[in-house]
Every structure is written in C-alpha cells, then in structure tokens.
Amino acid sequence: MNGIERQLLDLVLEALQLALYLCAPPVLAALAAGLLIGVLQTATQLQDQTLAQVPKIVAVYAALVATVYCNCAAIANFTARVFAMIGQIS
C-alpha cells in the first residue's frame, strides 16, 4: 500500500470517528431521556406514547444546541485537512 492509499484510509477512519463524535451527544441524550421516562412511566403506570416522545425530542434538541459550536469547529478542522490533503495529492 503506497502513501496516498494509506492517507486516504486514514482519512476515511477519521471521517467515521468524526461522525461518531458528532452523533454521540444527541443519541446519548435520547437514551437518557428514554430511560428516565420509561422508569417514570413504569412507576406511575401511565403508558402514553406522546409522553415518551416529547422529552426525547427536547433532549435531542438541547444536546444539539449545547454542542453546535464544538461540532462546527470539528467539521471545519476536518474539512480544512481534507482540502489540504487534496492539494498534496495532485
């Protein structure tokens, strides 16, 4: 495997890690909200589907708002590295 192929594989790995980094906060927020609402519904024996979905949506939105600046910076850094690599390859 030559240097260019290795750089591209490293770039793909970094892109997948970045995707995981970007989607982790909303997914974990939805998981925590769903677990909390599930416990509360079980304790109160109130089984309403709307009650379960609204807190998850709010938690995901809050997680996205809380991490928007970090996410934008990570995307900008990754994009800059990709463009720099394109200049090196050609």
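Derivation of every value follows stated rules applied to the coordinates shown; laboratory data play no part. Since the structure is predicted, the reported quantities are computational estimates derived from the model, not experimental observations. FYI the Cβ positions are ideal-geometry reconstructions off the backbone, even for glycines, and counts take in every protein chain you see.
At-a-glance table
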quantity	calculated
Within the range 64-85, considering residues that are surrounded by 10 or more Cβ atoms within 10 Å (Cβ to Cβ) and β-branched (Val, Ile, Thr), the one nearest to residue 6 (Cα to Cα)	82
Complete set of residues in the range 2-20 that are loosely packed, with under 11 Cβ neighbours inside 10 Å and of a type in the set (D, E, K, R)	5, 6
Selection count where residues are surrounded by 14 or more Cβ atoms within 10 Å (Cβ to Cβ), of a type in the set (A, V, I, L, M, F, W, C) and under 16 Å from the mean Cα position of the chain (by Cα), scope the range 48-63	4
Residue in the range 32-47 that is more than 22 Å from the chain's Cα centre (by Cα), over 27 Å from residue 68 (Cα atoms), surrounded by 13 or more Cβ atoms within 10 Å (Cβ to Cβ) and not aromatic (Phe, Trp, Tyr) present	yes
